Amino acid sequence: MAKEAARVRRRERKNISSGVAHVNSTFNNTMITITDAQGN
């Protein structure tokens, strides 16, 4: 019997008026993380 596909949990969107963008770039990837003032 085929296994049921796992459900993908979506990330919660939050409206943030001000925050910090952290940019981490490597040879292959660029990751951008946006956080609020507390780092959440």
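Bear in mind that the values in this text are calculations on the coordinates, not laboratory data. Everything quoted here is computed from the prediction, not taken from an experiment. As a convention, Cβ positions derive from the backbone with ideal geometry for all residues, glycine included, and neighbour counts pool all protein chains shown.
Structure notes:
- Converting phi to 3J(HN,Hα) with the Karplus coefficients 6.51, -1.76 and 1.60 and the offset θ = phi - 60°, segment 24-30 yields 10, 10, 10, 5, 9, 10, 10 Hz in sequence order, with x at every glycine or proline.
- Listed candidates (i) 25, 45, 29, 1; (ii) 21, 32, 26, 15, 6, 0; (iii) 20, 34, 20, 21, 4 - label of the one calculated as P(r) over Cα pairs in 10 Å bins from 0, in percent: (ii)
- Candidates Ser17, Asn29, Ala5 compared by Cα position along the dipole of the chain: farthest toward the positive end lies Ala5, with charges placed on Cβ.
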